[in-house]
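Asker: This is the structure, below, for whatever I ask next.
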Amino acid sequence: MKTIVVIGAGFCGTAVAVQLLRQAGAEPTRLLLLNRSGLMARGVAYGTRTESHVLNVPAGRMSALPDDPESFLRYAQGRDVRVTGASFVQRRWFGDYLEDLLAKAAHAAAPHVRFRAMVGDVIGISIVDGKGQVELASGECIVADRVVLALGNFAPADPPLADASFFTSARYVRDPWRPDALRNVRPDQAVMLIGTGLTMLDVLLDLRSRGHHAPIYALSRRGLLPQAHRTLEEPPRYRGQLAERLAKKPNARAALAMLRRELRAAASQNIDWRDVIGGLRKATPAIWASWPEAERRRFLRHARPHWEIHRHRCAPQQNAALCAELAEGRLRVLAGRLLSCDDDIDGVTLHWRERGAGTVHQQRVGSVINCTGPASDTRQLREPLLLSLAASGLLRRDALGLGLETSDDYALLDRQGKPSIVLHYVGPFLKAQWWEATAVPELSEHTARLARELIASLSKTGAAPTRQPA
Ligand SMILES: Cc1cc2nc3c(=O)[nH]c(=O)nc-3n(C[C@H](O)[C@H](O)[C@H](O)COP(=O)(O)OP(=O)(O)OC[C@H]3O[C@@H](n4cnc5c(N)ncnc54)[C@H](O)[C@@H]3O)c2cc1C
């Protein structure tokens with residue numbers, strides 16, 4: 001019997017498991033899906049219970065199954081007949097949908113496929129005699145023929161502060177996605193959100209849904225807010241050939257100048273800029289791959305924040321809430337750099353330097369919440385599993401810290417750049433190679449392809465002796 005261990009039961013781990021259960025070949029297979037918390041099939045994004053946390057991709061494009069593009073839409077319509085392909089529905093529905101898909105796939109799996117979802121925190125993997133020895137924090141060890149790392153998004157990194165002692169304060173929330181993260185935030189005290197993107201918007205809406213009535217401030221270097229999706233009842237009108245032309249520009253500056261010209265031309269024809277950006281989605285990996293490292297670095301340094309807010313947009317209903325907050329002065333957006341945070345018995349005194357002007361401002365708040373988004377530099381992550389794999393030379397991070405280096409069939413590259421037979425990766429760290437690899441439309445394609453690769457590679461090798469988990 002072959003054993004496949006999938007580590008992480010967020011979207012990617014769940015989607016890989018579903019695909020493996022559906023596609024399994026003739027080989028007797030044991031499939032284990034491990035997650036460090038008890039919440040399966042949700043991960044960071046779809047574990048929220050807050051109703052105002054809606055998907056930032058319309059329901060018609062959120063299928064987990066590339067060969068059944070309406071699968072999520074049908075599920076959502078089963079809950080509310082008014083849902084259309086253009087609706088932005090609650091994120092928790094998507095978690096419920098994943099759970100449902102997994103349960104059905106496990107139920108319908110062939111009798112020679114044994115599936116088990118289990119709670120376990122994987123802290124290390126070693127390769128012994130061509131097999132993965134998956135080590136759990138509990139002391140258990142599972143021997144596997146193939147291991148999929150679907151570790152997902154990690155909590156935001158602390159912002160750079162000269163005195164880091166504040167990060168141990170009870171008035172600082174480092175991980176806004178922890179289930180009880182906002183429990184100690186007093187609704188009658190002002191709050192400072194560090195970051196002004198989609199995570200800030202999530203936390204703002206969450207605080208308001210909990211009755212937070214004091215002012216909320218949001219600070220980031222540029223003070224850029226997420227752009228909104230247009231309502232999608234009308235199909236995109238953009239028919240230009242920008243993607244093809246950009247693919248011939250191995251230079252970030254020239255590519256961005258071309259994009260700006262195209263956006264101006266589209267505006268003059270009343271074509272929505274979002275359709276121009278959306279039209280690049282499929283071509284982005286090829287464009288990214290064609291740029292030398294220095295150009296990718298240049299893009300990240302100068303254009304990344306602008307790209308992020310235009311490319312990763314919020315749902316129209318979230319934008320309406322954001323605009324109302326700003327218009328009523330309940331939310332104030334600040335552009336500048338955080339200098340210091342000092343807490344005392346009643347609150348936090350925060351200093352920040354205004355962008356451009358250089359003026360230093362003081363602000364008094366009750367809590368500071370880190371909303372800078374998933375930790376984005378893999379070189380800085382202190383995750384035990386990643387550290388141990390790096391120490392034993394089983395993975396390598398890309399030079400820009402965007403993710404992990406993988407082969408075209410998702411095998412982890414080791415320190416020498418050699419693809420692993422056992423270890424595979426799928427998830428947002430594919431950004432290193434693909435750049436556009438964070439949302440469900442792309443990740444669902446990757447997970448389906450990875451499952452096919454795993455099944456094909458296992459069918460070529462002989463059966464492996466495995467040790468049952470204790
Ligand atoms: C707040 C938020 C909202 C988003 N909203 C959308 C959206 O609306 N639409 C969209 O298309 N995309 C959205 N995204 C993008 C998102 O990255 C993907 O949609 C997708 O959820 C990523 O799934 P994942 O499985 O890679 O990661 P995750 O969902 O983060 O899951 C990884 C899982 O692995 C577990 N894990 C990690 N390490 C270990 C270990 N060592 N041992 C055991 N378990 C481990 C974690 O506990 C977690 O459950 C959102 C992202 C975030 C952060």
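Asker: Treating the angle as unsigned and between 0 and 90°, give the value, to the nearest 10°, between the Cα long axis of helix 11-23 and the longest Cα principal axis of the chain.
Answerer: It works out to around 30 degrees.
Asker: Let me ask another. How do 322-329, 240-247, 191-198 rank on mean C-beta neighbours within 10 Å, highest first?
Answerer: So the order, starting with the most tightly packed, is 191-198, 240-247, 322-329.
Asker: Tell me which of LEU161, PRO250, ALA24 sits at the most positive position along the dipole axis of the chain, charges placed on C-beta atoms (Lys, Arg +1; Asp, Glu -1).
Answerer: So the residue we want is PRO250.
Asker: Along the three principal axes, how long is the chain when you take its alpha carbons, biggest first, rounded to the nearest angstrom?
Answerer: 67, 58, 50
Asker: Could you list LYS2, LYS249, LYS460, LYS418 in order of exposure, starting from the residue whose Cβ has the fewest other Cβ atoms within 10 Å? Write out the running numbers ahead of the final one.
Answerer: Details: LYS2 23, LYS249 18, LYS460 6, LYS418 12.
Lowest to highest Cβ neighbour count: LYS460, LYS418, LYS249, LYS2.
Asker: Where both residues lie in the chain, what percent of DSSP beta bridges are antiparallel, nearest 5?
Answerer: 45
Asker: Could you give the size of the charge dipole of segment 167-228 about its Cα centre, using +1 on the Cβ of each K and R and -1 on the Cβ of each D and E, expressed in debye and rounded to the nearest 20?
Answerer: Computed about the Cα centre, the dipole is about 140 debye.
Asker: Note down the magnitude of the dipole of the chain about its Cα centre, charges +1 on Lys and Arg C-beta and -1 on Asp and Glu C-beta and zero elsewhere, to the nearest 20 debye.
Answerer: 1020
Asker: By count of other Cβ within 10 Å, fewest leading, how are HIS424, HIS213 ordered?
Answerer: Placing the least packed residue first, the sequence is HIS213, HIS424.
Asker: Taking the Cα centre of segment 100-174 as origin and charging only Cβ (+1 Lys, Arg; -1 Asp, Glu), how large is the dipole, in debye to the nearest 20?
Answerer: In debye, rounded to 20, segment 100-174 gives about 280.
Asker: Okay, next question. Which of the lysines could be linked to LYS131 by a straight reach, that is with a Cα gap under 26 Å, when you skip same-chain ones fewer than 8 residues away?
Answerer: List returned: LYS2, LYS418, LYS460.
Asker: Choose one of VAL128, LEU386, LEU263: the residue whose Cα lies farthest towards the positive end of the charge dipole of the chain (beta-carbon charges +1 Lys, Arg; -1 Asp, Glu; about the Cα centre).
Answerer: LEU263
Asker: Give me the percent relative contact order of the chain, please, defined on Cα pairs under 8 angstrom at least 6 residues apart.
Answerer: On the way: 902 pairs, mean separation 101.5, N = 470.
Relative contact order for the chain comes out at 22 percent.
Asker: If the viscosity is 0.692 mPa s and the temperature 37 °C, what translational diffusion coefficient in µm²/s does Stokes-Einstein give for segment 242-311 when Rh comes from Kirkwood over Cα pairs? All intermediate terms of the calculation are to be shown ahead of the outcome.
Answerer: On the way: Rh = 12.4 Å.
For these conditions, the coefficient is 265 µm²/s.
Asker: Next up: Under 13 Å Cα-Cα from LYS282, which aspartates and glutamates qualify once same-chain neighbours fewer than 8 residues away are excluded?
Answerer: List returned: GLU244, GLU436, GLU442, GLU445.
Asker: Then there is this: Determine the relative contact order of segment 242-311: mean sequence separation of Cα pairs under 8 Å and six or more apart, normalised by residue count, in whole percent. Please list the in-between numbers first.
Answerer: Values: 41 pairs, mean separation 30.7, N = 70.
For segment 242-311, the relative contact order is 44 percent.
Asker: Hey, fewest Cβ within 10 Å first, where do THR84, THR406 land in order?
Answerer: THR84, THR406
Asker: Ok, one more. Set Lys and Arg Cβ to +1 and Asp and Glu Cβ to -1, take the dipole of the chain about its Cα centre, and tell me which of VAL426, CYS314, VAL5 lies farthest positive.
Answerer: Of the options given, the answer is CYS314.
Asker: Same structure again: Compute the angle between helix 252-268 and the longest alpha-carbon principal axis of the chain, please, reported from 0 to 90 degrees and rounded to the nearest 10.
Answerer: 70
Asker: Give the aspartates and glutamates reachable from LYS248 as a straight Cα distance under 14 Å; neighbours fewer than 8 places away on the same chain don't count.
Answerer: By straight Cα distance, LYS248 reaches GLU295.
Asker: Another question, then. Could you order peptides 140-147, 221-228 by the average number of other Cβ atoms within 10 Å of their residues, highest first?
Answerer: Per-residue mean Cβ counts within 10 Å order the peptides as 140-147, 221-228.
Asker: If you don't mind, there's one more thing I want to ask. Return one number: the angle in degrees, 0 to 90 and rounded to the nearest 10, between the long axis of the Cα atoms of helix 316-327 and the longest principal axis of the Cα atoms of the chain.
Answerer: Computed tilt is about 30 degrees.
Any read-out appearing in this document is the output of simple, stated calculations on the displayed coordinates, not a laboratory observation. These numbers were taken from a predicted model, which means no experiment stands behind them. In this analysis, Cβ positions are derived from the backbone assuming ideal geometry, glycine residues included, and neighbour counts consider all displayed protein chains.
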